[in-house]
Amino acid sequence: MPKSKRDRPVTLSKTKKKGREHKECIVNGIREAVEKYSSVYVFSFENMRNIKFKEFRQQFRHNGKFFLGSNKVMQVALGRSAEDELRSGIYKVSKLLRGDTGLLVTDMPKEEVESLFNAYEDSDFSRTGSIAVETVELKEGPLEQFTHEMEPLLRKLEMPVRLNKGTVELVADFVVCEEGKQLSPKSAHILRLLRMKMATFKLNLLCRWSPSDFELYREDLLELYREDLSDVETS
């Protein structure tokens, strides 16, 4: 009788969870950076692309540090309230660490930071599960952008195609994706084959803290600061 696969030993060494020491390292790193640099920014991100983010981060390599990860850990590092905050007024930064956000701690002039963030935007291919920003429909007829060798792949992606004298041809109209709906794995693959980039990787500043002031970059965030409206500015 063949040996059951269920009896095979499984090693967990490669999937070890990050524990308390890792969290403490992040907390200490943030606190050291806040003591070293003069300003702290919270930013949100859309369609994160690690390679693109590393390229953007290089612009701050000599006078700043970025932190991404658990929002709760970053909140603990800064302090969640006026009673446990690391520096005066910095607990206001913690309120914005929710969802897809990160920290930048830097000495770079405010105007330069804002300019770099506002100017940065990069298009990329959408991934499975992302929301289509437009409807893409291919009309019946020849698909001259595809070679005849690709016909089996297109069939596998459930496109109604055939070869007609060596040319890939749609035998009926085909909707690749619909605006506002999630992309399936097959839809995302087809969009990539069509060289259509629907995702935009963008970084948006939410707030800036310094020892002398605190500033919001969006008025809709004021709701989080009802008790602190007297000393919160917007730009």
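The values are calculated or read from the model by the stated rules, or taken from the named source; none is laboratory data. A quick note: this is a predicted structure, and the numbers were derived from the prediction, not measured. Here Cβ is always computed from backbone atoms with ideal geometry, including for glycine, and neighbour counts include all displayed protein chains. Heads up: the accessible areas ignore ligands, DNA and RNA and are worked out on the full protein's heavy atoms, side chains in. Shrake-Rupley method; radii C 1.70, N 1.55, O 1.52, S 1.80 Å.
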inquiry  = Condition first: part of a strand (DSSP E or B) and open to solvent by less than 20 Å² (accessible area, probe 1.4 Å). Now tell me which residues in segment 158-168 satisfy that.
reply    = VAL161, VAL168
query = Which ranges mark the helices (runs of 4 or more DSSP H) fully within segment 19-106 that have 1 or more residues being surrounded by fewer than 19 Cβ atoms within 10 Å (Cβ to Cβ) and in the same structural domain as TYR225 (by the TED database)?
reply = 20-36, 50-57, 71-78
task = Hey, could you check segment 130-152 for residues that are assigned to a strand (DSSP E or B) and open to solvent by 30 Å² or more (accessible area, probe 1.4 Å) and say which is nearest to THR200 (Cα to Cα)?
result = ILE131
query = Quick one: would you say ARG218 is assigned by the TED database to the domain that holds PRO109 and open to solvent by less than 40 Å² (accessible area, probe 1.4 Å)?
reply = no
ask   = Only one residue in ARG127, ARG155 is open to solvent by 70 Å² or more (accessible area, probe 1.4 Å) and assigned to a helix (DSSP H, G or I), so which one is that?
value = ARG155
ask   = Which residue pairs have Cβ atoms closer than 7 Å, lie 6 or more positions apart in sequence or on different chains, and pair a first residue in segment 129-150 that is closer than 21 Å to GLU169 by Cα and without any contact (Cβ under 8 Å) to a residue 40 or more places away in the chain with a second residue that is assigned to a loop (DSSP other than H, G, I, E, B) and β-branched (Val, Ile, Thr)?
value = GLU140/VAL171
